[in-house]
Structures are given as structure tokens and as C-alpha cells.
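Since every read-out is calculated from the coordinates, none of them should be taken as a lab result. Remember, it's a predicted structure, so these values are computed and weren't measured experimentally.
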Amino acid sequence: MIIGIVATDRNWGIGKKNDLLFHLKKDMQFFRQTTADSIVFCGYNTLLSFPGGKPLKGRSTICLCPEDIERDDCFCIHDFDKMVRLVKELAKNHSVFIIGGAMLYQSMLPYYDEVYVNKVDEITEVVGYRNNNVWYDADGREISDPTTLDKGSGISPWLTDPTQKRINTNS
């Protein structure tokens, strides 16, 4: 299963200056618990934004890196098409999480089985947006608000209100 996991502001912004928009305890806890012992894919700038520029503990990290970058602490892949083939192959037997950044989220839109969205009711000064505020369902149809998706859409968004109470929109 290929799963996107992202926190956004009210306008679907996702990042600022290579950092998270929010440092919310329950959101981070959900991310840690959801992605623990899983395979995560990220872009190189996202990897560098982690503490110490190192992969997150307890996860197998695969990073889309520039050609001249090799690392011992994660698997570097240098070609997007090869990465997509690897994601699809691994997703046959594992949950594979796409964890950022904006370009990787956007590029992987056609491949998600699910997307977990934490939309925080706040407007921030952002740099990255989810595909210019446009989301797509599993059939490639444009939608303006993923919270309106039905169970057959192939995408299962969830939201948290400002108090961080989890609300599953597909219940």
C-alpha cells in the first residue's frame, strides 16, 4: 500500500524553509506510530531537515537524491522512474509512506492508495503547497477539498481539529 502522510495549514500549505509548519505533539505522535517499522520515501531536502540530517529511527528510509549523493545511513535512489517502480514493488508486501517534500508529494499523486492529512485550522506563511492546492482522486479527477472524498475514492483522508482530536472522515 502506498500512503502519503502530510500536515497542512488551512490553505493546504505544507512547509516553510525546509521545516514543518507545525510542531504539534499529537500530530508527531501519530506520524511516529503510523510510520514506525515501515518503509518511508522522501526527497533529499526532507532528509536533510530531520534532526542531524539523519534518517528517522525505526524506519527504512529510501531517499530520492541528487546523482552525486550516496549515504551509508539510508538507500539513495537517483531516478524518479526507478523510485516509482521500487515503491510499487515494495508496496505489494509492505506499507510504504511518502513523507515529503512538496515535489515528491506532487509527483506521487497518481500512485497513492491512501493519504493521511492533518489539516490544521491556521494560516501560515508557507513555501510548499500540495500540488498548488489541487488534489486528485484515484481516477485522476481533480478535487478541491480531499475531505469531501467518499470511501470509494481510493484516498482516505483524516483531519484533526485545532485541539488535535482525531477525526476520521471516512467513518
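Values computed for the structure shown
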quantity: Cα convex hull of the range 21-84 - mean projected area over all directions, nm²; calculated: 4.9
quantity: Extension gain from PHE22 to THR124, taking 0.36 nm per residue of separation minus the Cα-Cα distance; calculated: 35.8 nm
quantity: Phi-based couplings in Hz for the range 59-74 (Karplus 6.51, -1.76, 1.60; Gly and Pro marked x); calculated: 9, 8, 9, 10, 10, 7, 10, x, 3, 8, 9, 9, 9, 8, 9, 7
quantity: Under-5 Å amide H pairs with THR8, H placed in peptide plane, nonlocal only; calculated: ASN118, LYS119, VAL120
quantity: Gained length - GLU70 relative to LYS82, 0.36 nm times residue gap less alpha-carbon distance; calculated: 2.7 nm
quantity: In order through the range 18-24: 3J(HN,Hα) via Karplus (6.51 cos²θ - 1.76 cosθ + 1.60), integer Hz, x for Gly, Pro; calculated: 6, 9, 5, 6, 9, 10, 9
quantity: C-alpha center-to-center spacing [the range 1-63, the range 77-99] in angstrom; calculated: 16
quantity: Residues whose placed amide H lies under 5 Å from that of ARG71, excluding near-sequence neighbours; calculated: CYS76
